[in-house]
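The block underneath contains the structure these notes are about, expressed in structure tokens.
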Amino acid sequence: MLKLPNSCRRLLFPNNKTSKKQQNLNNFLFRTSSAVFELNRGCLLRTNCSMALQFEILGRFNRARAARLTLPHYVCQTPLFMPVGTQGTIKGLTNTQLEEIGCQIILGNTYHLELRPTSELIDEFGGLHKFMNWPRAMLTDSGGFQMVSLLHLADITENGVTFQSPVDGKPMLLTPEESIQIQNRIGADIIMALDDVVKTTITGPRIEEAMHRTLRWIDRCIAAHKRPHEQNLFGIVQGGLDPVLRDLCVRGLVDRDLPGYAIGGLAGGEDKDSFWRVVAQCTAALPENKPRYVMGVGYPLDIVVCSALGADMYDCVYPTRTARFGTALVPEGVLKLKHQAMTSDTRPIDPTCECMVCKNYTRAYIHCLVTKDAMGSQLVSYHNLFYMMKLSRNLHSSIVEGRFPEFVCEFLQKMFPKGNVPEWVCNAMEVAGIDISSCCSSFLSQESNITDIRESREDDPALVYRAKEDAGADISSCCSSFLSQQSNISDITEDGPEMVCRAEDVRVDTSFCS
């Protein structure tokens, strides 16, 4: 049975007084117009609401979906992760390398690109694609995130955001109209509406003010958008952690019938239980036939959970930023390559990885580089982005091939071999309809978690951290082997591999352990 979005129902049945025969006819016409249609679970959904975007769902498992996203410069597969190239470059990687690892979309920052080299110069070169010689798809943000990250430089009013330029100190007014004009000149496949961004940790009337202002600004963005057949304008759902405000914002944006929608205002310090619930609420309310983009999400575990809940697109600086600190992504968590234990380790970063770095270099070699040479961060960045692209491909193929629950369980078993999957992940997967009981033990008490950490010894002589944000206990007593280089060497020579810190269920800063 065809289920029409409310906005489309209002167009077809404005007075809700049509006969059954008329409704059937309208439904038939609606289907054949290729605007939005759904035959049954697991089949194709398509939207032609914008000539610049086509979204076809190729497979699904409950809320999770795998799709083909056709953009002016590239045909993408979702779920997908987008590396962040703030000023038209992914730090340390060439465009050829990005293509090699399967990068589909890269993200540029409107605020920084306008400051330097300026959108006018980019436009003179034929847009950012030609300026940076990138043949695939691009997305530019609106500059709104700088309201949070550069708040000490910004003044937010109904007119827009006045920034103090970090380059020369001069004031720069960014209005919804100006943001869209800049992005029209830059020429990305997907452009973002300017929204009023506030941290999710803030409560009170400011959250409601930002949500309503975001809805007012989207109309100004739509009116200012001069290239709707070449660029896709996405709206951003705001509302903090308030489900009522989130619902109001979703409804308001869906009524505008945009090519796609983003879930904003997350990954800013909120607890994980609140994080997944906002994602679940928004993905359930957003149209089935449009792409859904969760902004600022880059932890592999978060991406798997959000994909299970029905999200399609993600971006974050995390994989490349953490690489510059010598941290590599591995199936078990992360690997600290600056750690002294890496000095004589002849293995690759990840023995199961097929990237150029893991095929050609040892941990010991990269350890020497990350402590002294920029090449180290470049190699780790390459590996980390390869890992993220492979994760995206695996998510897509597992959904299309009908083995998504098995993929999720395998992913969680590698990351949590003792079965201590965080409770928020278990709750999210239950809502997503994914049975992960095979990879979960009963929720461990804080005491048993500490015991497990203290007794854990593995073959990998690397300090592995996992999601230390999701914590609750002090594990300093079991990290004593890391307090000095001397004790590290003692652990390796006397006991073999040193302890592995598994901080998934422990809210504590383990940085002192390294």
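Quick check, is residue 237 modelled with pLDDT under 95 and open to solvent by less than 70 Å² (accessible area, probe 1.4 Å)?
On the way: modelled with pLDDT under 95: no; open to solvent by less than 70 Å² (accessible area, probe 1.4 Å): yes.
No: the conditions fail for residue 237.
Just checking, how many residues over the stretch 337-350 are crowded, with 23+ Cβ neighbours inside 10 Å and either among the acidic types (Asp, Glu) or within 18 Å of residue 382 (Cα to Cα) (or both)?
2
Matching residues to (1) at pLDDT 95 or above; (2) closer than 20 Å to residue 107 by Cα; (3) touching a Ser or Thr at 6+ places or on another chain (Cβ under 7 Å); (4) of a type in the set (Gly, Ala, Ser):
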residue	(1), (2), (3), (4)
174	no, yes, no, no
194	yes, yes, yes, no
212	yes, no, no, no
252	yes, no, no, yes
257	yes, no, yes, no
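Can you name the residue in the stretch 143-166 that is among the small types (Gly, Ala, Ser) and either open to solvent by 40 Å² or more (accessible area, probe 1.4 Å) or in a strand (DSSP E or B) (or both) and is also modelled with the lowest pLDDT among such residues?
Step one: list which residues in the stretch 143-166 are among the small types (Gly, Ala, Ser), which gives 143-144, 149, 154, 160, 165.
Applying the additional criterion that residues be either open to solvent by 40 Å² or more (accessible area, probe 1.4 Å) or in a strand (DSSP E or B) (or both) yields 149, 154.
Details: 149: 68, 154: 73.
Once the filter is applied, the top-ranked residue is 149.
Any residue at all in the stretch 313-330 that is out of contact with any His (no Cβ under 9 Å at 6 or more places or on another chain) and over 26 Å from residue 105 (Cα atoms)?
no
In the stretch 54-86, what residues are in contact with a Pro (Cβ under 8 Å, 6 or more places away or on another chain) and in a loop (DSSP other than H, G, I, E, B)?
Selection gives 73, 74.
May I ask you to list the residues in the stretch 259-275 that are open to solvent by 10 Å² or more (accessible area, probe 1.4 Å) and either closer than 24 Å to residue 77 by Cα or of a type in the set (A, V, I, L, M, F, W, C) (or both)?
Within the stretch 259-275, 259, 266, 267 qualify.
Can you say whether residue 102 is at positive phi and either open to solvent by 80 Å² or more (accessible area, probe 1.4 Å) or modelled with pLDDT under 95 (or both), as far as the supplied structure shows?
no
For the stretch 395-409, enumerate the residues that are assigned to a helix (DSSP H, G or I) and either in contact with a Phe, Trp or Tyr (Cβ under 6 Å, 6 or more places away or on another chain) or touching a residue at least 24 places away in the same chain (Cβ under 8 Å) (or both).
Across the stretch 395-409, the qualifying residues are 395, 396, 397, 398, 399, 400, 404, 405, 408, 409.
Has the stretch 198-205 got at least one residue that is of a type in the set (Gly, Ala, Ser), open to solvent by 10 Å² or more (accessible area, probe 1.4 Å) and in a loop (DSSP other than H, G, I, E, B)?
Taking every residue of the stretch 198-205 in turn, at least one turns out to be of a type in the set (Gly, Ala, Ser), open to solvent by 10 Å² or more (accessible area, probe 1.4 Å) and in a loop (DSSP other than H, G, I, E, B).
Looking at (1) open to solvent by 50 Å² or more (accessible area, probe 1.4 Å); (2) under 23 Å from residue 424 (Cβ atoms), which is the one condition that is false for residue 288?
(2)
Go through the stretch 167-193 and count every residue that is open to solvent by less than 40 Å² (accessible area, probe 1.4 Å) and not aliphatic (A, V, I, L, M). Let's see the steps before the verdict.
Step one: filter the stretch 167-193 for residues open to solvent by less than 40 Å² (accessible area, probe 1.4 Å), giving 169, 172, 174-176, 179-180, 182-184, 186-193.
After this cut, where a residue has to be not aliphatic (A, V, I, L, M) as well, the list is 169, 175-176, 179, 183-184, 187, 189.
Qualifying residue count, the stretch 167-193: 8.
For residue 387, only one of the following conditions fails: (1) modelled with pLDDT of 50 or more; (2) among the hydroxyl-bearing types (Ser, Thr, Tyr); (3) over 22 Å from residue 298 (Cβ atoms). What is its number?
(3)
Which of the residues spanning the stretch 361-383 are under 20 Å from residue 98 (Cβ atoms), open to solvent by 50 Å² or more (accessible area, probe 1.4 Å) and free of Cβ contacts under 8 Å to residues at least 24 places away in the same chain?
361, 375
Given the conditions (1) under 19 Å from residue 431 (Cβ atoms); (2) touching a strand residue (DSSP E or B) at 6+ places or on another chain (Cβ under 7 Å); (3) open to solvent by 20 Å² or more (accessible area, probe 1.4 Å), and given that residue 247 satisfies all but one, which numbered condition is not satisfied?
Checking residue 247 against (1) under 19 Å from residue 431 (Cβ atoms); (2) touching a strand residue (DSSP E or B) at 6+ places or on another chain (Cβ under 7 Å); (3) open to solvent by 20 Å² or more (accessible area, probe 1.4 Å), the one that fails is (2).
Checking residue 222 against (1) open to solvent by less than 40 Å² (accessible area, probe 1.4 Å); (2) under 17 Å from residue 259 (Cβ atoms); (3) hydrophobic (A, V, I, L, M, F, W, C), only one condition comes out false. Which one?
Residue 222 satisfies every listed condition except (1).
Which pairs have Cβ atoms under 7 Å, sit 6 or more apart or on different chains, and link a residue in the stretch 269-280 that is at negative phi to one that is of a type in the set (Asp, Glu)?
Note: pairs meeting the criteria are 272/470.
Could you list, in sequence order, the residues of the stretch 414-423 that are closer than 16 Å to residue 303 by Cα and either assigned to a helix (DSSP H, G or I) or aliphatic (A, V, I, L, M) (or both)?
414, 415, 421
Would you tally the residues in the stretch 307-332 being in a strand (DSSP E or B), open to solvent by less than 10 Å² (accessible area, probe 1.4 Å) and farther than 18 Å from residue 361 by Cα?
Going through the stretch 307-332 one residue at a time, the tally reaches 2.
Tell me which residues, restricted to the stretch 333-356, are in a loop (DSSP other than H, G, I, E, B) and farther than 12 Å from residue 371 by Cβ.
344, 345, 346, 347, 348, 349, 350, 351, 352, 353, 354, 355
Could you give every pair whose Cβ atoms fall below 9 Å, whose first residue belongs to the stretch 241-252 and is among the acidic types (Asp, Glu), and whose second residue is assigned to a helix (DSSP H, G or I), counting only separations of at least 6 or pairs across chains?
Within 9 Å, the pairs are 242/207; 242/208; 242/211; 247/281; 247/282; 247/285.
Conditions tested, residue by residue: (1) in contact (Cβ under 8 Å) with a residue 12 or more places away in the chain; (2) crowded, with 18+ Cβ neighbours inside 10 Å; (3) aromatic (Phe, Trp, Tyr).
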residue	(1), (2), (3)
81	yes, yes, yes
84	yes, yes, no
122	yes, yes, no
130	no, no, no
136	yes, yes, no
140	yes, yes, no
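The values are calculated or read from the model by the stated rules, or taken from the named source; none is laboratory data. The structure presented is a predicted model; accordingly, all values stated were derived computationally and were not measured. Note: ideal-geometry Cβ built from the backbone for every residue, glycine included; neighbour counts use all protein chains shown. For accessibility, only protein heavy atoms count, side chains too; no ligands or nucleic acids. Shrake-Rupley method; radii C 1.70, N 1.55, O 1.52, S 1.80 Å.
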